[in-house]
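Asker: One structure follows; several queries about it will come next.
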Amino acid sequence: MRKIFTLIICSLSLVSCGQKKETEIIKENNKKTNSFQVLAKFIENNDGDKVQTTKYKLLKNLSENEIAETFEVGFYNYKVYEKNQDTVLLTIENYTLQKIKNYYIFPDYDAKKGIENAKIDYVDFKYWENCETGNECNSLNFSRKSESGKWYLIMPCGGTFTNLTLTKSGEIKPIKTIKIENSKCPPYFELTELRDGKYFANMISCGLGGKIEFNIKTIK
């Protein structure tokens, strides 16, 4: 009876170990295929027999994943993304079946799940420098259409480390604070949910600093 009992316990332990190992493998695979987001500019489409690819230029990596300045994303060509592309917010995944340099896939190989048109505006280094040194520094004006989707404002880098705060006019507490090292540049603010009005961005860094102001307006 003891032998039978011992055999049952051993069998259950093996099953448990097997399940644990399988769970760990699944978790590891999920870790490898977790999707991440980047802002990018469309370059070109490339047709394929089964999988179509689209090439992009990286504008801003919104994740901790490493990604090249130009890269391709694959999707099944029977799920062709029909909207025109320019600047976009991409949700992509690492391709784990084999190693292909600078190649990713859309979730479920479906471009409709991975591409979202995005509006991207910029504040350049020279403009901010003019504001810092007391030269011409007029308020910037950024506008969006009422049906616009995601909206991002990409800022210049100020040096080895850049500290930025975003504050709405008339308020004391910043809406957002960014602390970023040079390797993670450029810094950005998402404007999507911000109300129309005047805003201030303040920078502290070794190579650039001071405050700029800009206006957000929605056009119907």
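Asker: Count, please, the residues in the stretch 125-154 that happen to be assigned to a helix (DSSP H, G or I) and not hydrophobic (A, V, I, L, M, F, W, C). Let's see the steps before the verdict.
Answerer: Step one: list which residues in the stretch 125-154 are assigned to a helix (DSSP H, G or I), which gives 125-133.
Next, only the ones that are not hydrophobic (A, V, I, L, M, F, W, C) stay: 126-127, 129-130, 132-133.
Adding up the residues that qualify gives 6.
Asker: Tell me, please, whether a residue that is part of a helix (DSSP H, G or I) and either of a type in the set (Lys, Arg) or farther than 20 Å from Thr70 by Cα (or both) can be found in the stretch 94-107. It would help to see each step written out before you state the result.
Answerer: Applying the first criterion (part of a helix (DSSP H, G or I)) to the stretch 94-107 yields 107.
In the following step, the residues that additionally are either of a type in the set (Lys, Arg) or farther than 20 Å from Thr70 by Cα (or both) were identified as none.
So far as the stretch 94-107 goes, no, none of its residues is part of a helix (DSSP H, G or I) and either of a type in the set (Lys, Arg) or farther than 20 Å from Thr70 by Cα (or both).
Asker: Right, here's the next one. How many residues does the stretch 161-181 hold that are in contact with a strand residue (DSSP E or B) (Cβ under 7 Å, 6 or more places away or on another chain) and outside any strand (DSSP E or B)?
Answerer: Number of matching residues: 3.
Asker: Can you name every residue in the stretch 199-217 that is surrounded by fewer than 14 Cβ atoms within 10 Å (Cβ to Cβ) and closer than 17 Å to Ser169 by Cβ? Can you show your working first?
Answerer: From the stretch 199-217, those surrounded by fewer than 14 Cβ atoms within 10 Å (Cβ to Cβ) are 206, 217; that's our starting set.
Result: Lys217, single match.
Asker: So, one more: Could you list, in sequence order, the residues of the stretch 67-97 that are surrounded by 10 or more Cβ atoms within 10 Å (Cβ to Cβ) and of a type in the set (A, V, I, L, M, F, W, C)? Step through it out loud before you land on a result.
Answerer: As a first pass, look at the stretch 67-97 and keep what is surrounded by 10 or more Cβ atoms within 10 Å (Cβ to Cβ): 67-68, 70-77, 79-81, 83, 85-96.
If the condition is that a residue be surrounded by 10 or more Cβ atoms within 10 Å (Cβ to Cβ) and of a type in the set (A, V, I, L, M, F, W, C), then Ile67, Ala68, Phe71, Val73, Phe75, Val80, Val88, Leu89, Leu90, Ile92 are the ones that fit.
Asker: Can I ask one more? Looking at Lys168, Lys211, Lys176, which is the one that is farther than 20 Å from Ala40 by Cα and within 18 Å of the chain's Cα centre (by Cα)? Write out each step before concluding.
Answerer: Working: Lys168 fails: within 18 Å of the chain's Cα centre (by Cα); Lys211 fails: within 18 Å of the chain's Cα centre (by Cα).
Exactly one of Lys168, Lys211, Lys176 is farther than 20 Å from Ala40 by Cα and within 18 Å of the chain's Cα centre (by Cα), namely Lys176.
Asker: Which one of the conditions (1) in the same structural domain as Thr53 (by TED's automatic domain parsing); (2) buried (at least 19 other Cβ atoms within 10 Å of the Cβ) does Trp128 fail to meet, given that it meets all the rest?
Answerer: For Trp128, the failing item is (1).
The values are calculated or read from the model by the stated rules, or taken from the named source; none is laboratory data. Quick caveat, the model's predicted, so the values are computed rather than measured. With ideal geometry, Cβ positions are generated from the backbone for all residues, glycine too; neighbour counts draw on all protein chains shown.
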